[in-house]
Every structure is written in C-alpha cells, then in structure tokens.
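Below is one structure, written out as structure tokens, with a few remarks after it.
The values are calculated or read from the model by the stated rules, or taken from the named source; none is laboratory data. Given the structure is predicted, the values throughout are model-derived calculations rather than measurements. All Cβ positions, glycine included, derive from the backbone under ideal geometry; neighbour counts span all protein chains shown.
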Amino acid sequence: MNKLFLLTFLSTYLMAISVSDLAVFNTKETKENKMAKENKKIRCRYVCDKKIYKEQKISDAVSFYKNSKEYKFSAK
C-alpha cells in the first residue's frame, strides 16, 4: 500500500514539474508585453471587450432562437 502511494505521488509530482517547466520556457515576456500588462487602460479595454463579446454571443443566440421555426418562446 505504501509503495503504491509513493509511486502515484512520485509520478504526479514528476508530471507537474515537467508541465510547469514547459510553461516557463514557452512564454517570452518582452518589454512591450510588460508595459502592456502594467497599463490600466489596456487591461480595462481587454475586460470590456471580453464582456461585449460575451453579450454579443448571447444576443446572437437569442435572435437565432427567435427566428427559428423549431423553437418557440412562450410568455409564462
């Protein structure tokens, strides 16, 4: 039982180390990226764009179902 736990823990630990190492080596942080992360206007714009995009997708879905012949909205 103890050997099984040790083997499971060791394999999980090694996988976590390898995944975290890959993430570190694949990302490059340039001077421009650092400046963009620190700029409050860019971060605010990013959040606003995500919200607008989400609302647009919801609006498109509602209009699709409203115009569809198979789906009916009932006022209950």
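Structure above, values below:
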item	result
Qualifying residue in segment 47-68 (condition: out of contact with any strand residue (DSSP E or B) (no Cβ under 8 Å at 6 or more places or on another chain), at pLDDT below 80 and small (Gly, Ala, Ser))	no
Segment 43-68 residues that are surrounded by 10 or more Cβ atoms within 10 Å (Cβ to Cβ), paired with ones that are of a type in the set (Ser, Thr, Tyr) (beta carbon under 7 Å, 6 or more apart)	TYR65/TYR71
ASN26 vs. criteria modelled with pLDDT of 75 or more and either surrounded by 10 or more Cβ atoms within 10 Å (Cβ to Cβ) or of a type in the set (S, T, N, Q) (or both)	no
